[in-house]
Amino acid sequence: MLEKKLEKGSLSEIYPIVNVCKTVYEVQPHSHPVFEFFYLKSGAAFFQINDKKYKLLSGDVVFIEPMDVHNVESISNSKFEYISFVFDNSVFGNENAPSRMFFDSIRVNRIINLPKEILNLMSSVCLDEYKNLAGYELLQNSVLFAILSHITISKQYQKILILRSVTKYNISAIDKAVEYVREHYKESIVLQDVLNLTNYSKSHFIKLFRDVTGCHFTEYVNKYRIERAALDLLYTKKNITEIATDFGFNNIQYFSRVFKEYMKCTPKQFQKKGSTKL
């Protein structure tokens with residue numbers, strides 16, 4: 001069972017891809033710190049991500065980013081069948097791997113058009129006869145890369161940084177800041193240390209960071225920390241206070257408030273129910 005596997009460690013420690021196949025009336029609102037491709041195999045349903053609602057028909061595929069709050073409800077009280085591919089970006093290698101750097105630099109379209117051949121591949125991983133094969137994990141990887149290859153070839157994505165009217169030099173400076181956060185997110189992050197890396201004034205850096213990433217620097221730090229903390233809440237046996245401290249939150253009340261802002265539930269609620277929502 002998926003829940004049992006998640007108790008043992010992070011997705012990347014088990015294998016970076018988990019698939020779920022179900023026939024249901026609804027999927028309750030939830031979020032998770034990993035990516036997901038949701039394929040509506042049969043039926044019709046309303047799919048809501050954050051504040052946007054989509055009407056899905058059989059064959060539609062939706063891309064969900066980490067921390068997106070999403071839910072699904074049937075149309076006309078009829079059951080629908082779906083297949084979900086949940087994966088961590090570690091499937092692409094370490095942070096310096098070319099394929100991972102590319103994936104991290106794009107924003108995949110919400111609604112994806114996939115050919116029938118790939119949809120059939122997605123369905124095949126749900127068959128019991130394949131699940132018992134020694135090479136099942138390889139099959140999962142092959143299907144995921146087939147999906148992403150088609151998205152790349154058919155240009156069903158947007159380059160995040162190309163959308164911003166900034167120079168290559170500015171992007172490089174922000175990349176340094178982002179890399180600093182990723183390396184030191186468990187420590188106290190002082191803005192002045194980041195400014196020293198970029199040689200920008202505080203006001204110029206804050207504006208530039210927002211232009212490139214779409215959010216304030218402090219918001220980015222908190223969001224990144226919450227993403228990593230959410231993984232520990234799901235996949236480790238650490239208590240909430242330990243996890244809050246590990247990720248730079250010395251005040252448990254502040255950690256809970258920030259966590260709820262992004263995850264729409266308290267850390268305790270997420271720890272209890274989150275793994276069953278993947």
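Any read-out appearing in this document is the output of simple, stated calculations on the displayed coordinates, not a laboratory observation. These figures come from a predicted structure and were not determined experimentally. Using ideal geometry, Cβ is built from the backbone for each residue, glycine included, and neighbour counts are taken over all protein chains shown.
Computed values, structure above
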quantity: Calculated P(r) of the chain - Cα pairs past 23 Å, %; calculated: 58 percent
quantity: Cα pair distances of the stretch 2-159 binned at 10 Å [whole percent]; calculated: 10, 40, 39, 11, 0
quantity: Neighbour cut-off at most 16 other Cβ (10 Å), DSSP loop, GluC sites (Glu not before Pro), the stretch 169-278; calculated: E187
quantity: Mean separation of Cα contacts under 8 Å (6+ apart) over length of the stretch 43-140, as relative contact order %; calculated: 25 percent
quantity: Selection from T213, F247, L234, by position along the positive dipole direction of the stretch 208-278 (Cβ); calculated: L234
quantity: Size of charge dipole - the stretch 168-277 - debye, nearest 20, with Cβ of Lys, Arg +1 and Asp, Glu -1, no other charges; calculated: 540 debye
quantity: Modelled label reach - E26, point 7 Å along Cα→Cβ, the stretch 237-276 residues with backbone N closer than 20 Å; calculated: 264-266, 270, 273-276
quantity: Descending principal axes extents, the stretch 114-266, alpha-carbon based, whole Å; calculated: 58, 43, 26
quantity: Calculated on alpha-carbon atoms, Rg and Dmax of the stretch 45-120 in Å; calculated: 14.7, 47
quantity: Using alpha-carbon coordinates, inclination of helix 168-184 to the longest axis of the chain, degrees; calculated: 80 degrees
quantity: Degrees between helix 136-153 axis and first principal axis of the chain (Cα, 0 to 90, nearest 10); calculated: 70 degrees
quantity: Residue-span extension gain [D193 to Q158] - 0.36 nm each, minus C-alpha spacing; calculated: 9.5 nm
quantity: Mean separation of Cα contacts under 8 Å (6+ apart) over length of the chain, as relative contact order %; calculated: 19 percent
quantity: Normalised contact order of the stretch 171-278, rounded percent, pairs of Cα under 8 Å and 6 or more residues apart; calculated: 23 percent
quantity: Degrees, to the nearest 10: 202-213 long Cα axis against longest axis of the chain; calculated: 10 degrees
quantity: Potential lengthening between K131 and H204 on full extension [0.36 nm per residue; Cα-Cα distance subtracted]; calculated: 21.0 nm
